[in-house]
Structures are given as structure tokens and as C-alpha cells.
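Undergrad: I have a structure I would like to understand better, so I am pasting it below and will then ask my questions one at a time.
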Amino acid sequence: MTADTIIINGTVLTMERLATPAGALAIRDGRILAVGSNSEVRALASSRTRIIDAKGRVVLPGFQDTHIHLQDSGYHYGFNAVLDECRSIAELQEALATFAHASKSAWVRGVGWYTGIFTDANLTRDVLDKVVPDRPCFILASDGHNACLNSKACDLLGIRKGVDDPPNGHFVRDGKGVPTGMLHEDAIDWVTQRMPTVTDDEYAGGVRFAQGLCNRHGITGVLDASVNERHARVYQRLADQDALTVHVAATAKVEPHEKTEDALERVKSLRASCRGDVFKIHSAKFFLDGVLENRTGVMLEPYSDSIGGNAPLMFGHNQVKDLFTAFDAARFQIHVHVIGDGALRSALDGLQAAREVNGAWPSLHQLAHVQCLDPADLPRFRELGAMANLQSLWARHEPSVTDVALPMVGEERGKWMYAFRSLIDAGAPFCLSSDWGVSTLNPFPIMETAVTRQPPRRNGDHPVFLPEQRMDIAECLRGYTVNAAAAAWRSETTGTLSPGKSADVIILDRDIRNCSVYDIGDTEVLLTLFRGKAVHMVGDYA
């Protein structure tokens, strides 16, 4: 049997346990045909075989991002004002004004502003009115849990003094009770449901933009961390058109107001209609809390700052147990947003309740973010087979941590913030991901931060944030390949460069196992193959 493509002269890291690096691999019909020495693989070539010379470079399985908002963030970043580089009100206004001047749309939309700098105290409708006075304007924060409207939008939507907050949402008000334009949590959904509808074609364009960005950074598989019927419809259409260049698994969002039986039947229907090779829905998503930046993270004890207080769980504690038990019994993976240690405790209690009723099975239920934890809960990850889905880029000294989160949780609880090393040492299954568009989807800065617990050196010499919680690069690579494939329930077909698996292959410009840890973030992907086809090529491979 001859190969369609062979890669020779590489340092092929198959990511199989105990495997030593190989020199070459062969691909046929979109799958790995063989891995071995140059001579062994060359023997599988014919006159029609494409030969790729890796020139000694590292060859890896394609990375997989198992907590990403691909479709929504693709639309937001592909077609709206991008505000993620703004670090002052003046910069935000300039970026928004430039976009608004060029845009002819009825609404001016922006995305990506940083909640570590822009807060309820300094971002209001007045700030937006100064640059967008004539049209309604909506800008979404990078974390997706905060947004801001200008006065035109507030007036159009009826957000005025006396308006009621929606469930699990909040319209921020000034001292006189007048909404300031800032939105928290499900108040954002309340607003977007009343804005002009984005078409499926526009969202499909967002997917194309996003998957191109993924391929550029070596990502060939994703888990979209919150979808509904529209997401499923758009993804399925692209899959039917053979237009996807990443494997897409997805988690269907369950709302707190839904009855258990109704939510289960709805998500079952979605799963049944979306079970293809490239796109599938296999899990249910639950937001148990929000974020510390807007004081909606749920802690076991009240916040430690001068304001104090706490946030309510977005689902009732017994409701969590009931829902988790029902979805676990129906053999869904459960994917949970947990920021505070109180939300984490509730999620673990829910998974334990499900196991006591349904028994153990290899679900690898996902607990995403795990910003804060009580050390008493560390062994429960291993006991329950719950996977810590980690966003390591956040584990460093920057305003959202140093100025916001740490004062809120206090010194003692702050020692357990983003406690990756402790989780791994306690035997927790784990994977790495981005939560894009909250932050970059580029895996290399994310892995660098996991290893250094510092911002990039080009931004200055910052202190290390909890150095005892550092990971090593081997763990990072597993977190983006083998472990990520398991998290997305794709281990049988992806995650390693093993014969028979999908030929999702990347070639890097450096060996990130041996370079300076402060250079990992600058790594470039030179070639990305998805199912054996080149979807990103630069340099020698273009």
C-alpha cells in the first residue's frame, strides 16, 4: 500500500506513551498509514506521493482546544470592532470610533475589552456616547460575562430607571437607580435577544475566520463550550459542505429555568441530529457561577475585600444534583463553568450524586477554569474521574488577578488560585485550553505561561505567580494532544500519530521541549495538515 503523503527527516513525537521519537510518517486517505524510520516510510512512496522534508523539525499531532467559543468568537472578532489591545478609555474610544466611521451597520458592535482595566466604575454609556452618539452601540468584554451599551441602545431597548433585572443578570445602576449601560451575566443575553439578528451566513463566516486562525496555530480539533440550536445548525451545514478544517465537538447549554426532563429531551434531540465524524454534540454545559471581576463568582465563604458579600449559585444545589444525575444517566459528558470554590464544590457534589446513582463510567466530565478551589476538594477530581479543563494563560500577575481577584479572595484562598501543580499531583485528569475569545487561542503563549507563571519577558520582568504551581512542557503537550482528545471524546481517532488515526499533523519552527521557556510563546507553526490536507502552510511548505 502506497502513501499519498510522507513526512521525512523529522523529530516525530507520536505522543504515545513510552514511544521514542520517529523520523518519518506516512499518510493515506486522510489517515496515518505508518510511523517509522526514513527508510521504512520512504518505501511506502510512489511517483505520485507528496514528500515533505521536515528538516529535523518537531512533528506533532494537531493540537485540540477543548474549551473555546469558536463560532461566536469567530463572528465577533471577524466582523466587529476588536478592543482587546485597548488599555485606556482613550484607546478604547479611538478603536471604536475608527470602526464606527468605516461601518454602515445599524448597530455598532465591539468585542474584547479587558475587565481587569475597564470596570463598572469607569466604563459607562457616557464613554460610548462620546464616539458613537448617533447609533446604538454594544461592546462585549473578552470574558463574555460583561458588556456595555450606549444611550441610544439603552433607550431603544427600554433599559431605564425601574427596569427589572433578568434572572441571573444585572443592569448596573448609578446612585440614582439609572442604568449606566453596563451589563452583567444573563443581562447580556436579554439584550442580544432584542438586537438585530445575525444571520447563519454571518456566523458561518465567523467559523471560517476562526478555524483559519486555529489552523495557523496548529489547532485541528475544538470543543465549542456553549452551543444552542443556531450553533448546531451552522456547524452541521458546514460539515455537510465538507467546509470544516477542525474537528468540532460541542456542549449544549442548559438554562437554570429549564425543567430537568425538558432540558434532557432538548439536548438529546440535538445530540441525535449532530453525530458526524467531524461535528458532534456530546455534552451538556452548565454555568454554575460567573466571574470574580463582576462579583458573580461563587465562593464558599464571603469575599475578603471591604465590600464583602458573595454571589448566589446560578442553579440550585439540589437542582445541580438532579440535572447531573439525569444527564450522566443518559451518557452525556457534563461540562461545567466553575470560577469560585463554592461553585466547584457544588459541581463536584453533583458529579458525586450522579456516580452514586448511575455508577462509574469513563465520562471525563469537564470542570472548566477552576480559578479557586478548597484544597479539601483536590482528591475528588481523581476519585470522580472529573477532568480539570485549565486556561493557564490567566495564571500570572496582571490586573484581573493582582488588582481584582486576589483582594477579593484574600491571602489564604489566594494561595489556591489556578492550582495546576496541586491538581496534577493529586491525580486529576487535565487538559489545557484557551476559552477564546476571552484570551488568545494561540497554544504557545498559553503553554509558556503554564511553565513560567509569568507574562512574556518582552512585557517586563514580572514576579512569578505561585511558582509552586508551575507545570512542565511535557505536561503541556499532553494537555493539548492526548488529554485533549480524551476530553473531546476523540481518543479513538485523534490525539496521537498512530496508524489508523486522522492525519492531523503539525510541524513547528522550534523544539519547544528544549528551547528557553521564555521563547515557547514565540513558536510558529509551519505546516498544519487536517485529515491529510494542508490547511496552513508557510516558509518551506507554502
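Undergrad: Quick one: Gly427 ticks every box in (1) surrounded by fewer than 18 Cβ atoms within 10 Å (Cβ to Cβ); (2) at negative phi bar one, so which box is it?
TA: The one condition Gly427 does not meet is (2).
Undergrad: While we're looking at this one, here's another question. Hey, can you tell me all the residues within the stretch 288-308 that are of a type outside the set (D, E, K, R) and open to solvent by 40 Å² or more (accessible area, probe 1.4 Å)?
TA: Within the stretch 288-308, Leu300, Pro302, Ser304, Ser306, Ile307 meet the criteria.
Undergrad: Take Arg453 and tell me if it is open to solvent by 10 Å² or more (accessible area, probe 1.4 Å) and either closer than 27 Å to Asp224 by Cα or modelled with pLDDT of 95 or more (or both).
TA: In short, no.
Undergrad: Going by what's in this entry, would Glu468 be described as under 23 Å from Leu406 (Cα atoms), acidic (Asp, Glu), open to solvent by 10 Å² or more (accessible area, probe 1.4 Å) and in contact (Cβ under 8 Å) with a residue 40 or more places away in the chain?
TA: Yes; evaluated as a whole, the condition is true for this residue.
Undergrad: Just checking, how many residues over the stretch 161-189 are in contact with a helix residue (DSSP H, G or I) (Cβ under 7 Å, 6 or more places away or on another chain) and farther than 21 Å from Ser439 by Cα?
TA: 8
Undergrad: How about the stretch 1-20: which of its residues are within 15 Å of Ile506 (Cα to Cα), open to solvent by 50 Å² or more (accessible area, probe 1.4 Å) and within 32 Å of the chain's Cα centre (by Cα)?
TA: none
Undergrad: I'd like to verify a number: residues in the stretch 169-189 that are of a type outside the set (D, E, K, R), out of contact with any His (no Cβ under 9 Å at 6 or more places or on another chain) and open to solvent by 50 Å² or more (accessible area, probe 1.4 Å), how many?
TA: Of the residues in the stretch 169-189, 2 are of a type outside the set (D, E, K, R), out of contact with any His (no Cβ under 9 Å at 6 or more places or on another chain) and open to solvent by 50 Å² or more (accessible area, probe 1.4 Å).
Undergrad: Please determine whether any residue of the stretch 231-244 is touching a Ser or Thr at 6+ places or on another chain (Cβ under 7 Å) and either open to solvent by 20 Å² or more (accessible area, probe 1.4 Å) or under 22 Å from Gly62 (Cα atoms) (or both).
TA: No, every residue in the stretch 231-244 fails to be touching a Ser or Thr at 6+ places or on another chain (Cβ under 7 Å) and either open to solvent by 20 Å² or more (accessible area, probe 1.4 Å) or under 22 Å from Gly62 (Cα atoms) (or both).
Undergrad: Further, regarding this structure: Considering the stretch 254-279 alone, what residues qualify as being free of Cβ contacts under 8 Å to residues at least 40 places away in the same chain and outside any loop (DSSP other than H, G, I, E, B)?
TA: Listed by number, the residues that qualify are Asp262, Glu265, Arg266, Ser269, Ala272, Arg275.
Undergrad: So which residues in the stretch 102-126 are of a type in the set (Lys, Arg) and either open to solvent by less than 50 Å² (accessible area, probe 1.4 Å) or within 29 Å of the chain's Cα centre (by Cα) (or both)?
TA: Of everything in the stretch 102-126, those that are of a type in the set (Lys, Arg) and either open to solvent by less than 50 Å² (accessible area, probe 1.4 Å) or within 29 Å of the chain's Cα centre (by Cα) (or both) turn out to be Arg109, Arg125.
The values are calculated or read from the model by the stated rules, or taken from the named source; none is laboratory data. All values reported here derive from a predicted model rather than from experimental measurement. Because the Cβ atoms are built from the backbone with ideal geometry, glycine has one as well, and the counts that use them run over all protein chains shown. Remember, those area values only see protein heavy atoms, side chains included, never the ligands or the DNA or RNA. Shrake-Rupley method; radii C 1.70, N 1.55, O 1.52, S 1.80 Å.
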